[in-house]
Amino acid sequence: MRVDRLDETLIFESQDKELFLSCFQEPRKLPEYIEKEILKLVFDSLKLDINGNDDVTLLIKRLPTPFINKVIFDVESMFSDEMSLYSDGVHESAALYLGRHLSYLMYYLPVNVFKVWKPLVDLQVKDKLKWKMRILDIGTGPGSVAVGIMEYYRMMAEAFPYLNFVLSFVLLDGQREFLTIAKRLINSLTAYMPPNLFVSIEESICRTLDSPEDISVSGEFDLITMSNFLTINEMRNSQNAVAIVSALKDSLKKDGSVIIIENGIKNNCLSFKTIRNDLVNQGVYNVYSPCNGIWQPKKEYSCTCFNMVRCFWEIPLIYKFLRDHGLKKGGRYDVPFNYAILRKDGKTKYRAEGNNRFYVQLKDLREYIDRTVNVKAIIRTVIDRGDKISVSLCDGSMDLGIDDDSSAVWIEPVDKEWLVKKGLNLPIVAAEKITLKKVKVIAHGTFVVIPRLRMQGSTEIEIEY
Ligand SMILES: C[S@@+](CC[C@H](N)C(=O)[O-])C[C@H]1O[C@@H](n2cnc3c(N)ncnc32)[C@H](O)[C@@H]1O
């Protein structure tokens, strides 16, 4: 990898991309030092003594049982519907977290750390990440996104020790308790970073964003991130979203990106895509990824389909302990979420293909029942059924609504082992471009014929990351 001295971006050379992507063959593992620093922070906040030599398992066992029970109760109830009903607007989000900041830190920070890796990879594979990044993180909470970006850059700094990397964060949150936690955690984690990665918190801003006027930050950013900030749980935010995210455009460098990450819940996906559609249709941003048109550049978005991306991880030790003590959530090794990368320079991860002569668009598949065709599309969603996976596709030629999943184009369930034999070694997580040559179109459905695709022995598959 090298740095382009003109625009400061990181450029892959020869085998770098393969080497880099091979890191994703295994599920992500939250390093033990992050779990330990989380627990040290909890001990400190509870004013309990700590033995610095204790490992995570010993530390967590020393937490008082009433506290563990409270964490479990908080996690099970924090975002339940009743909790969301009892006050109005932004004050509600304050109420949701009141007295629960440590519970959020222990449970929600770990699960949110690796989500940002997917958008970072999307930018990196097209040489859009820089060695030096100024990042504004809105709705920081305990620092989940910042920790995720630090971990990503740590991986890079270790893989490319001859390069230097600099991350500088501006954190913004309406709650001082969260900012205090985030600052302490980020600062403590800098001790574990390699010497060629320099991380700093430039500023932390305690402010509630209610309207575009509330965004007064100095200078421009390479990256503006928001994770679980526009969620419908955060009531007024989803209503103010278009105005707020539009106003952030002035704080974004001309080659910068806005990364929005949301949870994988259906209603939230609808709200999130509606916000994305408005932002694009009003000409504020373009979608860099995912959801690029395969055959034509997508200038207008009306799709509100329900889909999700996943990241795979090993269940952290803190989760295992909480689950052993009664927590019902937190057993998933695949974490579903949604994301969008928005830019103002018109750049997209995948450029529209010029030549579709040998390919069939998804909207036309019905005319090819029982025939063998070639197809190019973005992977919309992947359903993991153990040994088999089902994959749904989108090429921008069909706009789907939230409940249209069954009318989407699906590849019939296929053995994972078979895919490996076909040379696909990385987990398929959605949002990548897939080319299928020689797939059979099958009629599915009794009253309305919905085309499905069937892989055959002769099918060729290529995934572009
Ligand atoms: C669900 S948490 C997300 C935290 C973190 N980004 C993550 O993904 O784990 C939402 C955070 O946004 C903050 N927040 C919500 N609405 C806000 C607003 N209008 N202005 C400032 N902060 C807000 C909350 O205080 C909380 O820390």
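Among the residues of region 361-400, what is the count of those that are assigned to a strand (DSSP E or B), over 23 Å from the mean Cα position of the chain (by Cα) and not charged (D, E, K, R)? Residues that pass the stated criteria total 4.
Within region 114-164, the residues that satisfy the criterion of being among the acidic types (D, E) and either in contact with a Pro (Cβ under 8 Å, 6 or more places away or on another chain) or within 16 Å of the ligand (Cβ to nearest atom) (or both) are D122, D137, E151, E158.
Out of the residues in region 183-203 that are free of Cβ contacts under 8 Å to residues at least 60 places away in the same chain and in contact with a helix residue (DSSP H, G or I) (Cβ under 7 Å, 6 or more places away or on another chain), state the one that is farthest from the ligand (Cβ to nearest atom).
Residues of region 183-203 free of Cβ contacts under 8 Å to residues at least 60 places away in the same chain: 183, 186-187, 190-191, 193-201, 203.
Filter once more, keeping what is in contact with a helix residue (DSSP H, G or I) (Cβ under 7 Å, 6 or more places away or on another chain): 186, 193-194, 196-197, 199, 201.
Values: I186: 13, M193: 21, P194: 25, N196: 27, L197: 22, V199: 17, I201: 15 Å.
Here the residue is N196.
All of (1) more than 10 Å from the ligand (Cβ to nearest atom); (2) assigned to a helix (DSSP H, G or I) hold for I260 with one exception: (2). Residue count for region 312-335 satisfying the condition of being in a loop (DSSP other than H, G, I, E, B), in contact with a Lys or Arg (Cβ under 9 Å, 6 or more places away or on another chain) and of a type in the set (A, V, I, L, M): 1. Remark: pairs (first residue in region 10-36, surrounded by 13 or more Cβ atoms within 10 Å (Cβ to Cβ); second residue in a helix (DSSP H, G or I); Cβ separation under 6 Å; 6+ apart in sequence or on different chains) = R28/F114; L30/P110; E32/V56; Y33/Y192; E35/V56; E35/L317; E35/I318; K36/V56. Annotation: V71 fulfils all but one of (1) away from the ligand (no atom under 16 Å from the Cβ); (2) at pLDDT 95 or above; the unmet one is (1). Considering only residues in region 285-305 that are hydrophobic (A, V, I, L, M, F, W, C), in a loop (DSSP other than H, G, I, E, B) and touching a Leu at 6+ places or on another chain (Cβ under 8 Å), the one that is surrounded by the most Cβ atoms within 10 Å (Cβ to Cβ) turns out to be C305. Name every residue in region 212-249 that is touching a residue at least 40 places away in the same chain (Cβ under 8 Å), more than 8 Å from the ligand (Cβ to nearest atom) and in a loop (DSSP other than H, G, I, E, B), in order of residue number. Answer for region 212-249, where residues must be touching a residue at least 40 places away in the same chain (Cβ under 8 Å), more than 8 Å from the ligand (Cβ to nearest atom) and in a loop (DSSP other than H, G, I, E, B): V217, G219, E220, L230, M235. Of the residues in region 349-361, at least one is loosely packed, with under 15 Cβ neighbours inside 10 Å, in contact with a Gly (Cβ under 6 Å, 6 or more places away or on another chain), in contact (Cβ under 8 Å) with a residue 12 or more places away in the chain and of a type in the set (A, V, I, L, M). Going residue by residue through region 216-224, is there one that turns out to be modelled with pLDDT under 90, surrounded by fewer than 17 Cβ atoms within 10 Å (Cβ to Cβ) and assigned by TED's automatic domain parsing to the domain that holds M150? There is at least one residue in region 216-224 that is modelled with pLDDT under 90, surrounded by fewer than 17 Cβ atoms within 10 Å (Cβ to Cβ) and assigned by TED's automatic domain parsing to the domain that holds M150. The set of residues in region 362-378 that are surrounded by fewer than 16 Cβ atoms within 10 Å (Cβ to Cβ) and polar (S, T, N, Q) contains only T372.
The values are calculated or read from the model by the stated rules, or taken from the named source; none is laboratory data. Predicted model, so just to flag it, every value in this text is computed and none were measured. Virtual Cβ from ideal backbone geometry, glycine too; neighbours counted across all protein chains shown.
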